[in-house]
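What follows is a single structure, written as structure tokens, with notes after it.
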Amino acid sequence: MQKRREMDTCISCLIVVILSLLSTFANAEFHYYEFIVQETSVTRLCRTKNIITVNGQFPGPTLTVRNGDTLFVTVVNRARYNVTIHWHGIRQMRTPWADGPEYVTQCPIRPGGSYTYRFTIENQEGTLWWHAHSKWLRATVYGALVILPKQGSNFPFSLPQKDFPVLLGEWWNRDIIAVQRQAQFTGAAPNNSDAYTINGQPGDLYRCSTQGTVKYSVNPGESVLLRVINAALNQQLFFSVANHMLTVVGIDATYNKPFTTNVIMVGPGQTTNVILTANQAPGRYYMAARAYATVRNGQFDNTTTTAILEYTNVNSGANSRPLLPQLPAFNDTATATAFANQLRSIPSNNRVPNQIDENLFFTVGLGLVNCTPGPRCQGPNNTRFAASMNNISFVFPRTTSLLQAYYQNIPGIYTLDFPPVPPVQFDYTGNVSRGLWQPRFGTKLYKLKFGSNVQIVLQDTAIFSTEDHPIHLHGYHFWVVGLGFGNFNPQIDSTNFNLIDPPVRNTIDVPVGGWAVIRFVADNPGVWLFHCHIDSHLAWGLGMAFIVENGIGEKQTMEPPPPDLPQC
């Protein structure tokens, strides 16, 4: 009788588990999209030109899905350039073939070709985005990716009455590929953008832009969720709304402990969810963004983009000029630091690892390559710009992708000798010897065992100039356990790590002339790019890649390549 009861109990438990799994699967949805990459004629700043778009839209379509859903996105390339699409911040658990960076996880989709990205959202909620990861096409090829909670689940805050994506970008009057080619030919910094944009529009403060200025309509008393995405190619941005406070509730598709501020700083690649309450006198108020620029004596686009927050039923002054917020100065590192220091995660069962298996130290920064004076050496003092991690300037392969080379054991594409620490120790943020200015070039990767606990110290350098670098890790999010200025001191700085509620990100702004320390668990097998999200810096070599080995069993093993994977 006792055995019969135990058997009945086991069967009951099994039924509960099966029903639970069926319920989870039933609540998940499959989404099918088609992205047509094509040339589209648009007019900005009094000029009409062709740009590369998705489905003729700039920015591209917003995809709204739920945690647990599966996406199938078929990208058809009708443009004249190779293209790939990266799903920025999606963990791509066991599906590295869908990650998208050109020559890292796939060969590009050639003109006339197509490829279907297949992946599932696993335990992620909030705001991410998608963008081209081929040449500098992401200047115009990008869009929002909104991940809602599962059916029956709630936000950890009161549901706002309205929900708007706010995509910050950069605009060039010239063709962006021509801008890239000129910079690559001369070795100098690329031309600055001619405007910043909000949802593809420069805004009232630029010529010929008033009519297209983006307007967000709100009712008095409403709460509004603004999903702020920095899609700019090369620039960190401050963002604010005149006379309104912003309650920060999420970053990079993770929730944080809410706090209120009048300004946020968003690095390229980062997303920030803020709640705004329409509690001011009914009227029109500017949203605005401008540069946070940290390079000493560096040139940058010093303009301001605007959109309008417009209260409904405004009778008086409806056409009056909106109020403009007071944005920080372009070099206001104190404000950027104060914002970053307020970010705290909502603790969950996903605890920060205390025991570290891989303790890595990466210098990040710009360098200069000596060359013969001439048209191809127009950087500072007849040099060419380069960039590196641990003095290795990353070179992308051109005959196959790193992931294919790893999966198929193709020799000669990369080596596994990326240095875990700088080859030479020096005063990273002080006066650096000229002998250390020129990096070595190579396609060097670093291998991690599945399940290993990884800590990386990211140290800015002053080789050319100290600078705030937004560093993005594909396939993962990570805990930011420490931030500081100067040279990282393990004996002192590690005692102040936040191991209780550190923010969780996929892109971290390494402070100008300082350091950041991140931790993650290597639980997603594949090849994952780790790079600066300023595209000019990536083109100069500020990146590397990790190989994360398979673990044990199907759930710890990356899936095989899909049959339509593009070939080189």
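Could you tell me which of rounded, prolate or oblate describes the range 361-416, using a ≥ b ≥ c as the square roots of the eigenvalues of the alpha-carbon gyration tensor, with rounded for a/c under 1.5 and, failing that, prolate when a/b is larger than b/c and oblate otherwise? Oblate. Its alpha carbons give the range 110-255 an Rg and a Dmax of 18.1, 56 Å. Within the same chain, aspartates and glutamates fewer than 8 places from K215 are excluded, and of the rest, those with a Cα less than 13 Å from its Cα are D204, E310.
Listed values for the range 454-459 are Karplus-derived 3J(HN,Hα) couplings in whole Hz (6.51 cos²θ - 1.76 cosθ + 1.60, θ = phi - 60°), namely 10, 10, 10, 8, 9, 10, and x replaces Gly and Pro. Net length available on complete extension from H31 to R181 is 50.3 nm, with 0.36 nm assigned per residue and the Cα-Cα distance removed.
In this structure, the pairs whose alpha-carbon distance is over 26 Å, taken from K135/K449; K449/K555; K257/K449, are K135/K449; K257/K449. In terms of the mean number of neighbouring beta-carbon atoms within 10 Å, the peptides 497-506, 65-74, 369-378, 226-235 order highest first as 226-235, 497-506, 65-74, 369-378. Multiplying the residue separation of R174 and N489 by 0.36 nm and subtracting their alpha-carbon distance yields 108.9 nm.
For the range 109-169, the Kirkwood estimate of the hydrodynamic radius, built from every pair of different alpha carbons, is 14.7 Å.
When the square roots of the Cα gyration tensor eigenvalues are ordered a ≥ b ≥ c, the ratio a/c for the range 456-568 is 1.5 or more and a/b does not exceed b/c, which makes its shape oblate. Principal axis extents of the C-alpha atoms in the chain (largest first, rounded to whole Å): 85, 66, 55.
Between T247 and E39, the modelled labels are 4.9 nm apart [label points 7 Å from Cα along Cα→Cβ]. Close amide H partners of M389, meaning residues 5 or more places away or on another chain with modelled amide H under 5 Å apart, are F394, G543. Note that the range 48-58 has calculated 3J(HN,Hα) couplings of 10, 8, 8, 10, 8, 10, 10, 6, x, 10, 9 Hz, one per residue in order, obtained from phi through the Karplus relation 6.51 cos²θ - 1.76 cosθ + 1.60 (θ = phi - 60°); glycine and proline are x. Taking the inverse of the mean reciprocal distance over all distinct Cα pairs, the Kirkwood hydrodynamic radius of the range 193-252 comes to 13.8 Å. For Q161 paired with S348, estimate the spin-label separation in nm (one decimal), with each label point 7 Å from Cα along the Cα-to-Cβ line. Rounded to a tenth, the inter-label distance reads 3.0 nm. Charge tally around W129: other residues with Cβ under 11 Å, Lys/Arg +1 each, Asp/Glu -1 each, net +1.
Calculated mean residue ellipticity, 222 nm, the chain: -3000 deg cm²/dmol, from DSSP H runs (n ≥ 4) at -39500 (n - 2.57) each, averaged per residue and rounded to 500.
A cut-off under 12 angstrom between Cβ atoms defines the neighbours of C568, and their net charge, with Lys, Arg +1 and Asp, Glu -1, is +1. Residue separation of R207 and L323 scaled by 0.36 nm, minus their Cα-Cα distance, works out to 39.9 nm of gained length.
The shape of the range 205-360 comes out oblate: with a ≥ b ≥ c from the C-alpha gyration tensor, a/c is at least 1.5 while a/b does not beat b/c. Using a 7 Å offset from Cα along Cα-Cβ at D427, what residues in the range 447-466 end up with backbone N under 19 Å from the label point? Once the point is set 7 Å along Cα→Cβ of D427, 459-466 turn out to lie under 19 Å by backbone N, inside the range 447-466. Among beta bridges identified by DSSP and lying wholly in the chain, the antiparallel ones come to about 70 percent.
For the chain, the carbon plus sulfur part of the accessible surface works out to 50%, probe radius 1.4 Å.
P(r) tail for the range 412-507: Cα pairs beyond 21 Å make up 47% of the total.
The values are calculated or read from the model by the stated rules, or taken from the named source; none is laboratory data. Quick caveat, the model's predicted, so the values are computed rather than measured. Cβ coordinates were reconstructed from backbone atoms using ideal geometry, including for glycine residues, and neighbour counts include every protein chain displayed. Heavy atoms of the whole protein, side chains included, go into the accessibility calculation; ligands, DNA and RNA do not. Shrake-Rupley method; radii C 1.70, N 1.55, O 1.52, S 1.80 Å.
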